[in-house]
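Data first, discussion second: the structure below is written as structure tokens.
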Ligand SMILES: [Zn+2]
């Protein structure tokens, strides 16, 4: 059904992309594909990154809500339990926020000695690079964007997911959401034209607070309607999707269930948010409005879908964020084509869990993928940076092949590369994430060389709707045109491939290459080809 959205000539092209011979041609610039004049590897797309700073989120609540990812020996566990964590995180949050301000004046502002020592010590205990991560948290979004681009130079397109936690956690005064979106538009999207296109966050609680004119946690009335912020970001500011975070306290749908409402009440009491306790029906209504907009305009959604990460209370992911809850949305005729990425694959990485553990949702994710044409899963933050972690994932993917013999090809087309940088920066060896992940997929004998091409970016092009004819593609094309820029090489090359692999009618040619930049696109493409094998 996803295919029905794409014109026939693109379909021909997609088959070519998956064809082994043409994949060789893609790489070498020789062979059957090349003789037709225009082949190139898929772009590398990191579908899941972040650029938020300590001033964009309620940092203290965020830090406190994270559970340790390390399986600690009992002695360490005991040591950690005697740390006064709330005070500790409160202190870190305060210092990181402070440094984030001062670094905007002087990027080289140093940390104090005690602060450095504390981060270092806690990092050693938790086996994470907290000093590096603090560096990201105390960097503003444009500094973080620069870091992404410099760290992973091969990536053609980064998709930073903006997040909005304000209505669920103990608050700290932070940048207003409308300002955050605007800053990212002006200081990240425009300067990096075509290299960074973010997802805009949507929190139904914020939308309800706006509708009911509640004073926000920062003590103001919501000036902008969140749904309008979403639409403006998508239609005018180069944002290409929406980010949802269910484990904060709302299900994709079905929020009116009394048991679910009771759990939300628990959050309100626990996190001191009774002002923002809304009815389940209201949540569903607001969410449906979002899904309607996304379906009508082919806007993709990425939803956090794993049991570790941010939770309104320990275990809230299991009450609000399970993959199976999305069935409530997708089973409706109206929403069956919703473009949905279940971030982190619902994969439980605790011991004895993995792909098929009782508390892992990876199989549920696969079931949804098989059943619905536009459901995807990204692999961000999977622990493949250690040999032990990789072994566990190799086993998991082998199981997947066993469990889904008839549908494994479908599943492979829906797995998306995503890193979770800058959050991944806490983990040793994070720069090599893509390389290590590919090693896992190859060792599991799951992906061939040309299928890896799709994992790196081809699948993401489908999810994002960035193949010619899809609405996101048209929106981005208009966006580049409105801002007077040439589309990035990867965007134009797709245009070119369509035009050159099949005789298209003049009308179609108009449709795919027909605007002022096509000449420049053609030139950049020629340069790419002239630089010969291995340039990609
Ligand atoms: Zn993330």
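Some points to look at:
- Neighbour-count ranking [beta-carbon atoms within 10 angstrom, fewest first] of 301, 408: 408, 301
- Three-way shape label, segment 159-307, alpha-carbon gyration tensor, a/c 1.5: prolate
- Rounded, prolate or oblate (a/c below 1.5 giving rounded, otherwise prolate when a/b exceeds b/c) for segment 268-327 by Cα gyration tensor: oblate
- Packing-based exposure ordering (other Cβ within 10 Å, fewest first) of 423, 365, 379: 423, 379, 365
- Centre-to-centre separation between the Cα atoms of segment 396-411 and those of segment 416-461: 18 Å.
- The gain in end-to-end length when the residue 403 to residue 173 segment is fully stretched comes to 78.0 nm, 0.36 nm per residue minus the alpha carbon separation.
- For 120, 361, the sequence from fewest to most other C-beta atoms within 10 Å is 120, 361.
- One Cα centroid belongs to segment 119-149, the other to segment 314-379; the line between them spans 29 Å.
- Taking a ≥ b ≥ c as the square roots of the eigenvalues of the Cα gyration tensor, segment 254-388 is classed as oblate, since a/c reaches at least 1.5 and a/b does not exceed b/c.
Rule-based calculations on the coordinates, nothing more; no lab input. All values reported here derive from a predicted model rather than from experimental measurement. Glycine gets a Cβ as well: all are built from the backbone with ideal geometry, and neighbour counts include every protein chain shown.
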